[in-house]
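Visitor: Handing you this structure, nothing more for now.
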Amino acid sequence: MDDRKFWIGFTYIRGIGAVRFRGLLNAFSDLQSAWNASCSQLMEAGLSQKIVDNFQQVRRQIDLERIWNNIQKAGITVLTWDDEAYPRRLKEIDQPPPVLYVLGDLTLQDEWAAAIVGTRRMTGYGRQVTEELAELLARHGVSVISGLARGVDAAAHQTCLKFGGRTIAVLGSGVDQIYPPEHRKLAEQIAKNGAVISDYPPGTPPESNNFPPRNRIISGLSRVVVVIEAGITSGALITSTFAAEQGRDVFALPGSIYASQSKGTNRLIQQGARPLVEVKDVLDALNIEQVQEYRQARLELPTDPREQQLLDALGYEPVHIDDLGNLTGWGMDTLTATLTMMELKGLVQQVGGMNYILVKEKTIMYQANRDE
C-alpha cells in the first residue's frame, strides 16, 4: 500500500496539523504504523483523548483504498513532506502543510511567484492595478498566486491566463469543491496552466474557518505579496500577516482615506508595508534579472565562485543552511539564491529541515572534470 494513503487518512482527522504530524512521524517508524496504532500508543505519541476518539471514529468510517482510487481517478496529485516535488519555499515556512492536493502541475518556474490578493468588492481603480500587475508578472514569467475568490483574486488569475502566464489558486476547501461555484471553469483553466491546490482533503466543503489558515500557503508559495484593496477586517490582511512572519516582501496599494476598500491597505502602509507606487516595483523586489537566469538554468557545472565555494563546503551528509552561512559568511538572501540555482542545476538537494547535500552523480562528474 502506498504510504501516501496514510498521510491522506490523517488529513481527515480534525486536530492533526503539522505539529502533530511531526510528532507521529517521530513516535512511529512511518504513518502506516501510526494509522494502525492502539489508542494508548497514540496518546503516548502526544495525541489528546479527544483527538484519539476522533481518530478512532474516522478510521472506522473511511476506506483508504477507495479514497486513494478516487483521488487517482480525479487526476489529483498528492504531495507530502517526503516528496521532492513538494514546493521548496513552502516547506521552509513554520509548520508547512504535511499534505498538498494538487490539480494541475507545480513547476520550477513557480519558485519565483508573487501573490495578488484583495477584496471581493474591488473598485475600478483596484481592477486596473490588478490587471496591469498580473499582466506584467505573466509577461516576465512570474507565477501569480491567489485564492480564487471573487474580486481581486479572480481578476488576477484571469489576467495572468489571458497573457499566457502560470497561476496557482489556493483553496479553503477540497480541490473538488470549487468555491465560489461560478469559478469552476476558471479553476479548470488554472489547472491546465498552473495548479489548483489545497491542504484540505477532497470532499471538504468551503467552510468559513478554512479560509484564514489557507492564507499561509498563499504567502508561503510567494516571494512577494501584494494587497490591492482590503477592508479593515479583510482576509487579505491575514495573508499579509503571514507574509511578514515568513519574511516575504509585502506591498499595499495606497488609496483614498474615504474608501472602505483602502482602509486596510492604508493601514498596512502605516504599519510598514511598502506602498505600491508603480507596478514595476514588484519586479524590482523580485530581482527580475535573477528570475530570467533561473528560468534559463540547466543541469550544468558551476559557473561562478559562489557555487564553487558551496560545493567545497557541502558533502554527502546533510549540512544545515545556518552552518553554510557561518562557513561562507554570506547573507541569507545570497545563500538561498545560490542554493536555489544549484538545486535547479542538479548539484545540490535539500533533504528537509533546511539541510543540504551534494547530488553524487553530478558532483562526481564535476570533480573529474576539475581534476583534468
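The values are calculated or read from the model by the stated rules, or taken from the named source; none is laboratory data. Computed from a predicted model, the values in this text were never measured in an experiment. FYI the Cβ positions are ideal-geometry reconstructions off the backbone, even for glycines, and counts take in every protein chain you see.
Visitor: Considering only segment 193-209, state which residues are closer than 15 Å to Asp153 by Cβ and without any contact (Cβ under 8 Å) to a residue 60 or more places away in the chain.
Guide: Of everything in segment 193-209, just one residue is closer than 15 Å to Asp153 by Cβ and without any contact (Cβ under 8 Å) to a residue 60 or more places away in the chain, namely Pro206.
Visitor: Can you tell me which condition Thr130 does not meet? The list is (1) buried (at least 20 other Cβ atoms within 10 Å of the Cβ); (2) under 18 Å from Asn210 (Cα atoms), and all the others hold.
Guide: (2)
Visitor: Pick from Val117, Val152: which is β-branched (Val, Ile, Thr), in contact (Cβ under 8 Å) with a residue 60 or more places away in the chain, in the same structural domain as Val224 (by TED's automatic domain parsing) and over 18 Å from Asp249 (Cα atoms)?
Guide: Val152
Visitor: Being of a type outside the set (A, V, I, L, M), in a helix (DSSP H, G or I) and surrounded by fewer than 17 Cβ atoms within 10 Å (Cβ to Cβ) is the filter here, so list the residues in segment 33-46 that pass it.
Guide: Matches in segment 33-46: Ser33, Cys39, Ser40, Gln41, Glu44.
Visitor: Touching a Ser or Thr at 6+ places or on another chain (Cβ under 8 Å), modelled with pLDDT of 80 or more and over 25 Å from His140 (Cβ atoms): does that describe Ile357? Let's see the steps before the verdict.
Guide: Working: touching a Ser or Thr at 6+ places or on another chain (Cβ under 8 Å): no; modelled with pLDDT of 80 or more: yes; over 25 Å from His140 (Cβ atoms): yes.
The answer is no for Ile357.
Visitor: I would also like to ask the following. May I ask you to list the residues in segment 23-32 that are within 16 Å of Asp82 (Cα to Cα) and assigned to a helix (DSSP H, G or I)?
Guide: Answer for segment 23-32, where residues must be within 16 Å of Asp82 (Cα to Cα) and assigned to a helix (DSSP H, G or I): Gly23, Leu24, Leu25, Asn26, Leu31, Gln32.
Visitor: I've got another one for you. Out of curiosity, is Ile76 outside the structural domain of Gly172 (by TED's automatic domain parsing), of a type in the set (A, V, I, L, M, F, W, C), buried (at least 16 other Cβ atoms within 10 Å of the Cβ) and touching a Pro at 6+ places or on another chain (Cβ under 8 Å)?
Guide: So Ile76 passes the test.
Visitor: From the list Gly255, Gly235, Gly220, exactly one residue is over 23 Å from the mean Cα position of the chain (by Cα) and either over 20 Å from Arg88 (Cβ atoms) or in contact (Cβ under 8 Å) with a residue 12 or more places away in the chain (or both). Which is it?
Guide: Answer to the selection: Gly255.
Visitor: State whether one or more residues within segment 224-234 are closer than 11 Å to Val117 by Cβ, at pLDDT below 90 and assigned by TED's automatic domain parsing to the domain that holds Ala155.
Guide: Going residue by residue through segment 224-234, those that are closer than 11 Å to Val117 by Cβ are 225-230, 234.
Keeping just the survivors that are at pLDDT below 90 gives 230, 234.
Now narrow it down to the ones that are assigned by TED's automatic domain parsing to the domain that holds Ala155: 230, 234.
Yes, segment 224-234 contains at least one residue that is closer than 11 Å to Val117 by Cβ, at pLDDT below 90 and assigned by TED's automatic domain parsing to the domain that holds Ala155.
Visitor: In addition: How many residues are assigned to a strand (DSSP E or B) and either of a type in the set (D, E, K, R) or within 25 Å of Glu229 (Cα to Cα) (or both) if we restrict to segment 77-131?
Guide: Counting residues in segment 77-131 that are assigned to a strand (DSSP E or B) and either of a type in the set (D, E, K, R) or within 25 Å of Glu229 (Cα to Cα) (or both) gives 5.
Visitor: Here is a further query. Identify the residue in segment 131-155 that is touching a Phe, Trp or Tyr at 6+ places or on another chain (Cβ under 6 Å) and among the aliphatic types (A, V, I, L, M) and, among all such residues, is nearest to Gln189 (Cα to Cα).
Guide: Per the criteria, the residue is Ala138.
Visitor: Could you go through segment 329-343 and let me know if any residue there is at pLDDT below 90, crowded, with 18+ Cβ neighbours inside 10 Å and in a loop (DSSP other than H, G, I, E, B).
Guide: No, segment 329-343 has no match at all.
Visitor: Within segment 1-22, restricting attention to residues that are part of a loop (DSSP other than H, G, I, E, B) and aliphatic (A, V, I, L, M), which residue is modelled with the lowest pLDDT? Give the steps one after another, and end with the answer.
Guide: First pass over segment 1-22, keeping only residues part of a loop (DSSP other than H, G, I, E, B): 1-3, 12-17.
Next cut, aliphatic (A, V, I, L, M) only: 1, 13, 16.
Numbers: Met1: 50, Ile13: 91, Ile16: 89.
Looking at the filtered set, the residue picked out is Met1.
Visitor: Write out, first by first residue and then by second, each pair whose Cβ atoms fall under 9 Å of each other, whose residues are 6+ apart or on separate chains, and whose first residue, in segment 302-324, is closer than 16 Å to Val359 by Cβ while the second is β-branched (Val, Ile, Thr) and assigned to a helix (DSSP H, G or I).
Guide: Glu307/Thr338; Leu310/Thr328; Leu310/Thr338; Leu311/Thr363; Ala313/Thr328; Leu314/Thr363; Tyr316/Thr363
Visitor: Please verify whether Arg248 is of a type in the set (D, E, K, R) and closer than 21 Å to Leu171 by Cβ, treating the condition exactly as stated.
Guide: So Arg248 fits the description; yes.
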